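**Q** Sharing a structure below in structure tokens format, with a few things to ask.
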Amino acid sequence: MWVKICGITNVEDAISATSAGADAIGLNFVGGPRLLGQRAAEEILSALPPEVTPVALVRLVDGRLDARSLDLLTRFRISHVQLYGPVSMDSLSMLVQDGFRPMPVVAVKDEDFADQAAGWLSDKPQSQPFAIVLDAFDPSREGGTGSAFRWDWIPAARQAGKLDRWPAIILAGGLRLENVAEAVRIVRPYGVDVSSGVEEDGLPGKKDADKMRAFVRAAKNVKG
């Protein structure tokens, strides 16, 4: 089970996530209380051990990465990009051809969530995203909401054949120690993505080392 700790805002939490056994950390360049400035991002990336994958949360503008994001990604050789904003087959194709591993976000608000990806999924490797992140829909913000959606919608869509062309699924939205094992058993995702569920109470962006360790252990120990 691939585990990503998202919304990392400082070097200490990045190292703690590594020690907890996380496979990846998320660096937010989109917005909200966990938004990173370039200097903080550089400090985290410079200290990050090579075995942990950095994932940059970025917004596409006219189907492309802006120059500032592209510069940072290139300098630190970040290949995994979690995409917000309008996504198209052409934008995914350009990113893949440029050496990136795109991870578009689909905000799940009902059982027809798979329709959101119908226009940009392709059987061609040069247009296929690395994964799709399924997060809870919130009209006021993107990600980090602490809210979950109905996980049973995913196996139902899979059984109906709506996910046949999909790449790996990364499950996000309202995950925490108490529910991640159940979520993994129901959804059978490639990976899970947690942010607020491993933070100190009332402190967005400040991770709790004990919560991270317990979450990673629970996610990775699901049997069957």
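**Q** Looking only at region 188-204, count every residue that is among the aromatic types (Phe, Trp, Tyr) and more than 13 Å from the chain's Cα centre (by Cα) and tell me the total.
**A** 0
**Q** Could you check region 199-223 and list, in sequence order, the residues that are of a type in the set (Val, Ile, Thr) and surrounded by fewer than 18 Cβ atoms within 10 Å (Cβ to Cβ)?
**A** Once the filter is applied, which keeps residues that are of a type in the set (Val, Ile, Thr) and surrounded by fewer than 18 Cβ atoms within 10 Å (Cβ to Cβ), region 199-223 yields only VAL222.
**Q** Then there's this: Run SER91 past the list (1) touching a Leu at 6+ places or on another chain (Cβ under 7 Å); (2) closer than 19 Å to LYS4 by Cβ; (3) of a type outside the set (D, E, K, R) and report the number of the one that doesn't hold.
**A** With respect to (1) touching a Leu at 6+ places or on another chain (Cβ under 7 Å); (2) closer than 19 Å to LYS4 by Cβ; (3) of a type outside the set (D, E, K, R), SER91 is out only on (2).
**Q** Another question, then. If you take the residues of region 1-57 that are in contact with a His (Cβ under 8 Å, 6 or more places away or on another chain) and of a type outside the set (A, V, I, L, M, F, W, C), which of them is nearest to TYR84 (Cα to Cα)?
**A** PRO54
**Q** Taking region 73-94, which residues are within 19 Å of ALA172 (Cβ to Cβ) and not hydrophobic (A, V, I, L, M, F, W, C)?
**A** HIS80, GLN82, TYR84, GLY85
**Q** Across region 28-64, which residue is surrounded by the most Cβ atoms within 10 Å (Cβ to Cβ) among those that are within 22 Å of ILE170 (Cβ to Cβ) and free of Cβ contacts under 8 Å to residues at least 24 places away in the same chain?
**A** LEU35
**Q** Continuing with the same structure: Among the residues of region 66-113 satisfying the criterion of being within 27 Å of PHE137 (Cβ to Cβ) and polar (S, T, N, Q), which is nearest to the chain's Cα centre (by Cα)?
**A** GLN82
**Q** Can you name the residue in region 23-63 that is small (Gly, Ala, Ser) and in a loop (DSSP other than H, G, I, E, B) and, of all such residues, is farthest from LEU73 (Cα to Cα)?
**A** Looking at the filtered set, the residue picked out is GLY32.
**Q** Let me ask something else about it. Criterion first (within 21 Å of ILE132 (Cβ to Cβ), buried (at least 17 other Cβ atoms within 10 Å of the Cβ) and of a type in the set (Ser, Thr, Tyr)) does SER147 satisfy it?
**A** Answer is no for this residue.
**Q** Being of a type in the set (A, V, I, L, M), modelled with pLDDT of 95 or more and under 20 Å from the mean Cα position of the chain (by Cα) is the filter here, so list the residues in region 142-178 that pass it.
**A** ILE154, LEU163, ALA168, ILE169, ILE170, LEU171, ALA172, LEU175, LEU177
**Q** Any idea which residue in region 1-22 is surrounded by the most Cβ atoms within 10 Å (Cβ to Cβ), counting only those that are aliphatic (A, V, I, L, M) and part of a strand (DSSP E or B)?
**A** ILE5
**Q** Give me the residue from region 65-118 that is part of a helix (DSSP H, G or I) and small (Gly, Ala, Ser) and, out of that set, surrounded by the fewest Cβ atoms within 10 Å (Cβ to Cβ).
**A** If we take residues in region 65-118 being part of a helix (DSSP H, G or I) and small (Gly, Ala, Ser), then ALA67 is surrounded by the fewest Cβ atoms within 10 Å (Cβ to Cβ).
The values are calculated or read from the model by the stated rules, or taken from the named source; none is laboratory data. It should be emphasised that the depicted structure is a prediction, and the values quoted were computed from it without experimental measurement. Cβ sites come from the backbone with ideal geometry, for glycine too, and all protein chains shown count toward neighbours.
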